[in-house]
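The values are calculated or read from the model by the stated rules, or taken from the named source; none is laboratory data. Small disclaimer: the values here were computed from a predicted structure and weren't measured. Backbone-built Cβ (ideal geometry, glycine too); neighbour counts: all protein chains shown. In case anyone asks, the SASA skips ligands and DNA or RNA and just uses the protein heavy atoms, side chains included. Shrake-Rupley method; radii C 1.70, N 1.55, O 1.52, S 1.80 Å.
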Amino acid sequence: MDYNFKEIEARWQTFWKQSKTFEVGIDHSKPKFYVLDMFPYPSGAGLHVGHPLGYIASDIYSWYKRLNGFNVLHPMGYDAFGLPAEQYAIQTGQHPAVTTDKNIRRYREQLDLLGFSYDWSREVRTCDPHYYRWTQWVFMQLFRYWYNNETQKAEPVTQLEERFSHIGTNGLDAACSELLNFSSAEWNAFTHKKQQEILLNYRLAYLAETQVNWCPALGTVLANDEVKEGFSVRGGHPVEQRKMKQWLLRVSAYAERLLSGLDSIDWTESLKEMQRNWIGRSEGANLLFAVDGSDVTIEVFTTRADTIYGATFMVLAPESELVKPLTAPGYEKEVENYILDSRKRTERERIADVKRVTGVFTGSYAINPFTKEKISVWVADYVLAGYGTGAIMAVPAHDSRDFRFARHFNLPIIQVVLQPDQQPSDPSTWEDSFDAKEGTLINSSFLNGLTVPDAIAKTKLEIEQQGLGNIQVNYRLRDAIFSRQRYWGEPFPVYYKDGLPYLIDDAALPLELPEVDAFLPTEKGEPPLARAQNWQTKDGYPLETSTMPGFAGSSAYYLRYMDPNNSQALVSKEANEYWQDVDLYIGGTEHAVGHLIYSRFWNKFLYDIGVVCRDEPFRKLINQGMIQGRSNFVYRMKESNTFVSSGLKDQYDTIPLHVDVNIVSHDILDIEAFRNWNPEYRNAEFILENGHYVCGWAIEKMSKSMFNVVNPDIIVEKYGADTLRLYEMFLGPVEQSKPWDTNGIDGVHKFLKKLWRLFFGQEEVLTLIDENPTLEENKVLHRTIKKITDDIERFSFNTAISSFMICVNELTDLKCRKRAILEPLLVMIAPFAPHLSEELWRCAGHQQSISNSTWPTLDPQYLMDDTIEYPVSFNGKMRFKLSLASDLDHQEIEKALLHNELTNKYLQGNTIKKVVIVPKRIINVVF
RNA sequence: GCCCAGGUGGCGGAAUUGGUAGACGCGCUGGACUUAAAAUCCAGUGGCCAUUUACGGCCGUACCGGUUCGAUCCCGGUCCCGGGCACCA
């Protein structure tokens, strides 16, 4: 019987669905295992072969765990709010809910074709009110809590109010926007409105003024990737930075815990490193600079207080509140113009563009608190308002940006750190700054001769003693801006009274997204929700018109899968305590700092308030690589409709054009299909080589515009889902990016056919032999068990498939048809090729699904070898192999070696200096 | 610019702890089967040199240098490509 994948795959997909094979529930008799994929955003383009890569890997692992006796939670859903659907809605007028639903259905169809073992009864969609009521609910809790630095945990704002009414801010150590001081008497005397304003200063969800990319022509706020060089991508209108009142989440309160939590989880070091950099903890000092002839003080944060004697000027961020008071008469115009100019640049452009040096002098002078020298105060956009205090002391000799600035504006440069083994030199001869992390201090009064670390410590001490500032731990991690001036997102459960925000009743959740007449901002530039009729509470108070950002819905979805239909809670205690946390999380690196920081924050907060039992949500994390496209090219002769085959193209004047990879096979163009592809090519002529038109190729991003998109549907149609699953894994390590090339797929397809033949031979009915296996057969099986188990454990699926190929080749050579060998092999292949395995399992006489069977046990006796083939090297070069009994000791090996005549040949009369013997590995003769 | 990852045959990749570089597969070449094709099977396949009996020799993991008996792997530097950089998700 032939391998008929179409029939087999349809049969088992139906079977799994009907018998709910992969639906799971709480089962205390089994250990739990939670395997999660980062849920997709259902885009209109559907899935291409790159998307399922991680899903296949996680599906294999889920099967593997299931076969090893675990109760495996393996769900899937959709991250369904987002800009593309809204953009499409603006263009076509179609409601985003409609297009999103359509896209989800398409995604589901494509996912179903691949035979994943998801428990679809747990599906979630972030845009579903039953789901987003819990996103809104978490937001409400964030509003109701503040962060106590003393207990390192979130606590109810009601308790904070109580505290204020008893002792005021006395002894309070809270995460807040602004440090406040008041007594209980003052608190009690404040109006209700004033009290609410103050509480907002502490809430974990709070309102604040932030910078946004404002496009006046479109009347809306733009995302960073909608802005290019100061203009909107859509329409090319000018974009400026504007302050706007927005919701923020006080993520920074959790900075220390987000940092230390990394030590307890099994993520790659590189990913942890990215998060550490994102959190950006730095120890330093806040230092106060007086201003000459003014009572304004400039506060700077510096990690390099030791270089204070080299601080020769100061720089304020253009957004700094100090700019205005420090602009001296006569300088207003210039400063004003500079600030207007800098508003045209996005933050990213300001950080990345180090070559362009811009800035303006304020006309003011600060006093260096140590040298007492007057130093000029400047405004420049390389200083960012969001980090530290929005002002810096510039040490041009030892910071490259400060150096370039000083050079450009002719400001003094003083060397204060001397590199080890060097003499002081005149900074005016320098080409660049010396960004000194080590060395000794010079030109620095009481610090002279100290090493950098010692000088830092001594300066800090001095700062504290003299009251010039304070020691401070600073984080680069910023509070997350949580408002979007968009339609297609979660509405805030918030209304305004007297200009202050209040939460709506819990009972009013979910607050559903209202209908609007257009998905655009209003004429006044308000967000789309301002268009909704009656967007207000029952009492007539206006509701918030912003919506939540994309990461809101994805921050706790892994919890909702544990208990997706619970209408009383985000997740029940029982479900959370059973499923606990995600054991394995697979997704792309593009989420390394965004989603993966926010959801850790979100989870820690829920942990603090007792909703979840685990402090960290994702125990182990694997980043899948991207699948790139492999584009094909045809070469058209200029000003003609003649195409030249790749090998001959240099003999003509040609331009390369992308051609659809789906009409090219092994780089040979299907000329007929090409002519039909585009009317323009109907009458195309070709210059062939060896009777073929050979295309050129290149590795590029997989995208429609490159005509290199390959859909899983086409592959499944032609080769079947099992082949696609296998091939995606065979392509290379999951974590690595690699190009998709359909040409190689024959190899794994042939392998599956060969596997099929191993069971069926030429017969119509499958008959396995119940004889005892030979030693050789057992060796093949157990070597494979060892290899496959190891490979799956370390997520090396590509090498696992190679091992299967080797195993099947060997068993085919041995003509093995024995049940005791082939059945364990089948169980191991089931995670990779589930349809084919179920079919053969059934044909072998089993009534139950193969998913109910057990992973084979390794018998180490079959791994032993009596002899070892030692590679013998001379001075590190492998020369010949020596077969020796495996139980020989060091001396016996050396003896055997010296008796071998080849040894003398390669010694060429030299005397042996040393023989290195690594047991069971290698022999190296040194002469 | 900063942070992270990667660079091995014609191609995807393997080498798990510093120990035989190129497993496995694609492609290519030759052969078997066939009227023919498909399918299947067998052999060869990093480069250069040698090949007149046969054993071969040299080079080679982006580039330069170092550590080591031994380096694709560790260290220092350079180049190239990909991802992220806070409103794409």
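Summary of values
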| read-out | value |
| --- | --- |
| Helix A:400-409 vs. chain A, principal-axis angle (Cα, 0 to 90°, nearest 10) | 50 degrees |
| Cα coordinate range in the range A:3-97, projected on the principal axes (Å, largest first) | 52, 38, 25 |
| Net charge dipole size for the range A:50-166 [Lys, Arg +1 and Asp, Glu -1 on Cβ; Debye, nearest 20] | 240 debye |
| Positive dipole terminus of chain A, leading residue within A:326, A:474, A:55 (C-beta point charges) | A:55 |
| Dipole magnitude (debye, nearest 20) for the range A:716-853, charges at Cβ of Lys, Arg, Asp, Glu | 160 debye |
| Estimated vicinal HN-Hα couplings, Hz - the range A:450-455 in sequence order (Karplus 6.51, -1.76, 1.60; Gly, Pro = x) | 7, 6, 3, x, 5, 5 |
| Scattering profile of the range A:865-926 at q = 0.14 Å⁻¹ [log10 I(q)/I(0), Debye over alpha-carbon scatterers] | -0.33 |
| Signed unit charges on C-beta, dipole axis of the range A:282-474, positive-most listed residue A:414, A:317, A:457 | A:317 |
| Global geometry of the range A:716-853, whether rounded, prolate or oblate, following the gyration tensor of its Cα atoms and the 1.5 cut on a/c | prolate |
| Expected-Rg normalisation [2.2 N^0.38 Å, Cα atoms] applied to the range A:639-709 | 1.07 |
| log₁₀ of I(q)/I(0) at q = 0.20, 0.26 Å⁻¹ - the range A:178-240, Debye sum with one point per alpha carbon | -0.74, -1.02 |
| Amide H partners (placed H, <5 Å) of residue A:774, local residues excluded | none |
| Gyration tensor (alpha-carbon) shape descriptor, the range A:274-427, a/c threshold 1.5 | rounded |
| Hydrodynamic radius (Kirkwood) for chain A, which is based on Cα pairs only, to one decimal in Å | 33.2 Å |
| Residues with amide H under 5 Å from that of residue A:439, placed H, sequence gap 5 or more | A:452 |
| Peptides ranked, highest mean first, by Cβ atoms within 10 Å: ranges A:794-802, A:386-394 | A:386-394, A:794-802 |
| Cβ-placed point charges (K, R +1; D, E -1), dipole of chain A about Cα centre in debye, nearest 20 | 520 debye |
| In order through the range A:255-267: 3J(HN,Hα) via Karplus (6.51 cos²θ - 1.76 cosθ + 1.60), integer Hz, x for Gly, Pro | 3, 5, 5, 5, 6, 5, x, 4, 5, 9, 10, 9, 10 |
| Accessible surface of the range A:166-278, 1.4 Å probe, proportion on carbon and sulfur as whole % | 51 percent |
| Charge-dipole axis of chain A as Lys and Arg at +1 and Asp and Glu at -1 on Cβ define it, positive-most pick from A:798, A:870, A:516 | A:870 |
| Packing-based ranking, highest mean first, of A:275-281, A:346-352 given that Cβ atoms within 10 Å are counted | A:275-281, A:346-352 |
| Derived scalar couplings ³J(HN,Hα) [the range A:198-211; Karplus, 6.51 cos²θ - 1.76 cosθ + 1.60; whole Hz; x for Gly, Pro] | 5, 4, 4, 5, 10, 4, 6, 10, 9, 9, 7, 6, 9, 7 |
| Lysines whose Cα lies under 30 Å from that of residue A:6, excluding same-chain neighbours fewer than 8 positions away | A:17, A:20, A:65, A:102, A:704, A:718, A:738, A:750, A:753, A:754, A:815, A:818 |
| Set of aspartates and glutamates with alpha-carbon distance to residue A:649 below 20 Å, sequence-local pairs under 8 removed | A:639, A:660, A:667, A:670, A:685, A:689 |
| Cβ-defined net charge surrounding residue A:506, 11 Å radius [Lys, Arg +1; Asp, Glu -1] | +1 |
| Quarter of the Cα convex hull surface for the range A:235-308, i.e. its orientation-mean projected area (nm²) | 10.7 nm² |
| Cα-based shape type of the range A:543-682, given that a ≥ b ≥ c are square roots of the gyration tensor eigenvalues and the cut on a/c is 1.5 | prolate |
| Amide H contacts of residue A:153 (H built 1.01 Å from N, under 5 Å, at least 5 apart or other chain) | A:148 |
| Relative packing of A:476-487, A:909-920, which averages over residues the other C-beta atoms within 10 Å, highest first | A:476-487, A:909-920 |
| Cα-derived Rg over Rh, computed across the range A:474-568 with Rh taken as Kirkwood radius | 1.01 |
| Mean residue ellipticity (222 nm) of chain A, computed from DSSP H runs ≥ 4 via -39,500 (n - 2.57), nearest 500 | -10000 deg cm²/dmol |
